1. How far is it, in nm, from the label point at residue 187 to the one at residue 34 when both lie 7 Å from their Cα along the line to the Cβ?
2. Taking 7 Å along the Cα-to-C-beta vector as the label spot, tell me the residue 51-residue 25 distance in nanometres, rounded to one decimal.
3. Starting from the Cα of residue 154, step 7 Å along the direction of its Cβ; do the same at residue 202; then give the gap between the two resulting points in nm.
Amino acid sequence: MDSNSNKNNNEKSPYEILGVKEGSAFEDIQKARDIKVKEAGEDLILKAKIESSFDQLLMGSLKARQSGNVSYEAVSASKKEKQINQLTNNFPLLSKIKNLNNNSNNSSQYSLPKITTPSFDNLSIKISVGLLFLILLFISPDSNNRLLLSISTLILTYTQIKSGKRFIGSLGWSVTFLSIGLIFGGLLENNSFIQEVSNNSLSIQKIQSIPAMVILWLGVIFL
């Protein structure tokens, strides 16, 4: 029986003796060698054949690297990966950090969609905001009139800058629109009908501010 088994072992290739596939990694070949040596027990002849097969595969691997079949970058990458695995095994905290990085990369594929604010270039939005400012002018105290007019002037300046005009020119046009509106408001103050309305519901300050607010927002809408 021993002679038959030795004859079969002589016919087997080094890969078959170690029980690995061709092209296996060096680590897998080394593990297979250790397992086969333990299984051989006291059989010195079989142990010698296992060691000889391991040496043949090792030499073949070295020749493949020298001939360029295995690139230097692949070898160095394998060494770096082994070093990283050893570090993560010795320091569990590093493995947790590595897992967190992998999870973050995976979760980026399912990130929430970006929320985009509506564009102020939309005509309906401009009209809606202009009406809102006009309503606020009617219902807010007179002390807020200047604040609402100032904000409207800044919005007019912003829309002109966004359309391609320079800052100085945009600010000049905005102040001009505000001044024209205030002049119209001053003329309305002397109207007898307006004075009667102001005595019943609206204050003189609001009547003076309404034309300026309307002219500013006409500029925002049409300029």
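1. Once both label points are built, they end up 9.9 nm from each other.
2. Taking the simple label geometry, residue 51 and residue 25 are separated by 2.7 nm.
3. 2.5 nm
Every number in this text was worked out from the coordinates using simple rules, so none of it is lab data. This structure is a prediction, so every number in the text was calculated from the model and none was measured. Neighbour counts run over all protein chains shown; Cβ positions are idealised from the backbone, glycine included.
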